[in-house]
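Everything below concerns the one structure shown next.
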Amino acid sequence: MPPWWLLHRSNQPFQHPDTNNVPAKKIISSETVVPSLHDFINHHGLTFYWTKEHRTASQLEPLRHIGDCLADNALVAMKLSASGDPLTQLVPTTKAPAVRALYDQLTAVPSWVDWGKVRRGQQVFVRYAGGTGLTLLHCSLVGGFGAPKINKVLGATGYLSRSCKSSYLRLFETLQMIVDCTEVGGLEPLTGVGWKACVRVRILHAKVRSRLMAMEKWNLQDWGVPINQEDMCATLLSFQIIVLECLDFMNFKLSKEEQTDYTHLWRLIGYYSGVEEEHNPCLSYSFSRATLESITRHIVLPDDTSSKMSNHILKSVSNKPPLNLSYESGAQLSRMLLGDIGADRLKLPKEHFFWHLFHGFHFVLLRCLASMTWWPLVGSGMMMTQRIVLRSAAKKFQGGKRTKYFLKHVPDDLHFDDIGIGIDARGGGGGGGGGSGGSDQDVSGVVSGLSSNVFHIMCCGKIRMIKIVILVALVAFFWQVWIFLLS
């Protein structure tokens, strides 16, 4: 095995360094066993020591029966249509008590909010946007399908589970929300674009919750309330702790302050999005990590639906901008971030040396770009360019429009179990093989992927491979000069 530590961290994300040294008899693998303090847990490749911050299944299960009472009650009072905008009725002069209660909660900034930390947390996302984007798609989303109970909602609504085209579009709607939340002043109540996005998505979730709860097929006892507090916590953590862990795996080396600020940002986003304060996992880095490990142990048990949806989403983005990578390449990145055990459970292609090496150098390139945002003179310009590119991508790949987060796929009995219908042999242009990695199409994917990730950020567009090599060499040279000057 090549020394991958030159390109990324040696142990896989969410795999404890002690994993291979702990005797098998001291490892708890069954999710039904209640662990004791300091027990070593191995849940399908996720390994960790049990601490006071972790929670058992009996502690988490009640969260599955709690929705978002403020939003649910306000939705009834608003009487919105599928395309109705809740912001038109969420006004201080409203006479409906339920709407007023939601308005008061959304406009009352919690006492714990530190706007300095929020702004710095927003900068963290922008600075490491390259690595964050790869993580959200290839780890948070692909790995998130390993929770069958959450997939029930996605399947019933058709969100990310129908055609490749619609799934591709949904990804950039999500990107728009994140970009809006990381804009300067984006989370200011009433005026911030991110705040407005959180409100619209929150009411959208309330609409989905209401419709699913009214369906006879929805198994409340086994699945809990649709989009419940545990599901919302898991989603919040997929944007927070999973991103921080995978960035560390890619050797971005964030400081403790950056981790704290980024966590604080998502605590506020969670507050606006309907996560109750007593359940919000983003209180600290360690608590959010322990909560994710606990939730994963509770509900992540990949089934056939999980593998269908994971492969479907990878095929939906294959050979498409902004990454332009083949299905095999994307699947390899997911395997690197999820680990071999998790990837095998999702039936992803086996390890491939070429694509592993490619992504390793990809990480190096993205680290160079992130480092340039710290440079004197050019740093602020790089940050501004990153923001421009993120805004442009969120809008461009939605057909030049901005979503209003309407209920586009109304849940119904006819399509309730219609999961993975978009999977086909073509896979949205990708191909569903095990990953040969040697075809002309694969080589084209390498070139396109590099040019997209690097030169879209640098505002240079797509250019020939020779220019890519020249720029990489220049970045490496000036980086070494910078290190020499600092020393």
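Where a number appears in this text, it was derived from the coordinates with a stated rule and is not lab data. Values in this document were obtained by computation on a predicted structure and should not be read as measured data. Neighbour counts are summed over all protein chains in view; Cβ atoms, including those assigned to glycine, are modelled from backbone coordinates with ideal geometry.
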Would you kindly derive the ³J(HN,Hα) couplings of segment 228-236 from the backbone phi angles with the Karplus curve 6.51 cos²θ - 1.76 cosθ + 1.60 (θ = phi - 60°), listing them in order in whole Hz, with x for Gly and Pro? 8, 4, 5, 4, 5, 5, 4, 5, 4
Distance from the Cα centre of segment 155-203 to that of segment 108-125, in angstrom? 19 Å
Mean Cα-pair separation over length for segment 18-133, i.e. relative contact order, pairs under 8 Å, 6 or more apart, %: 13 percent
So who's got an amide H within less than 5 Å of the one on Glu188, skipping anything under 5 residues away but keeping other chains? H placed 1.01 Å off N, in plane. Trp195
Tell me, what HN-Hα J-couplings in whole Hz come from the Karplus equation 6.51 cos²θ - 1.76 cosθ + 1.60 at θ = phi - 60° for each residue of segment 201-217, using x for Gly and Pro? 5, 4, 6, 4, 5, 5, 5, 5, 4, 5, 5, 5, 5, 7, 8, 5, 6
Per residue, what volume in Å³ does the convex hull of the Cα atoms of segment 4-60 enclose? 101 Å³
Given the C-alpha centroids of segment 22-44 and segment 298-312, what is the distance between them in whole angstrom? 23 Å
Extension gain Lys404-Ser163, at 0.36 nm per residue separation less the Cα-Cα distance, in nm? 84.7 nm
Step through the residues of segment 35-41 one at a time and calculate ³J(HN,Hα) from phi using the Karplus curve (6.51 cos²θ - 1.76 cosθ + 1.60, θ = phi - 60°), rounding each to whole Hz and writing x for Gly and Pro. x, 9, 4, 6, 5, 9, 10
Calculate the FRET efficiency for Ser210 and Ser111 from the Cβ-Cβ distance with a Förster distance of 35 Å, rounded to the nearest 0.05. 0.65
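Could you calculate the contour length gain from Asn21 to Ala101, that is, 0.36 nm times the residue separation minus the distance between their Cα atoms, to one decimal place in nm?
Values: separation 80, 0.36 × 80 = 28.80 nm, distance 5.32 nm.
Full-extension gain reported as 23.5 nm.
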Within straight-line cross-link reach of Lys408, aspartates and glutamates at Cα separation under 14 Å, skipping those fewer than 8 residues along the same chain: Asp85, Glu173
Fully extended, how many nm does the chain gain between Leu37 and Leu220 (0.36 nm per residue separation, minus their Cα-Cα distance)? 62.7 nm
Partner lysines whose C-alpha sits under 16 Å from that of Lys347, ignoring same-chain residues fewer than 8 away, are Lys308, Lys315
Could you tell me the ratio Rg/Rh of segment 1-131? Both radii from Cα atoms, Rh via Kirkwood. 1.14
Roughly how far apart, in whole Å, are the Cα centres of segment 236-266 and segment 342-372? 18 Å
Work out the FRET efficiency for Thr56 and Leu377 from their Cβ-Cβ distance, taking R0 = 51 Å, and round it to the nearest 0.05. 0.45
Taking the simple approach of a point 7 Å from Cα along Cα-to-Cβ for both Val76 and Asp340, what is their distance in nm? 5.3 nm
Among Lys79/Lys207; Lys320/Lys396; Lys207/Lys395; Lys79/Lys401, the pairs whose Cα-Cα distance exceeds 19 Å are Lys207/Lys395; Lys79/Lys401
Kirkwood-type radius of segment 243-381, with distances r between different C-alpha atoms, in Å: 17.5 Å
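Can you pull out the chymotrypsin sites (Phe, Trp or Tyr not before Pro) in segment 271-377 whose DSSP state is coil and whose Cβ has at most 13 other Cβ atoms within 10 Å?
When the chymotrypsin sites (Phe, Trp or Tyr not before Pro) of segment 271-377 are filtered for loop state and at most 13 Cβ neighbours within 10 Å, Trp374 remain.
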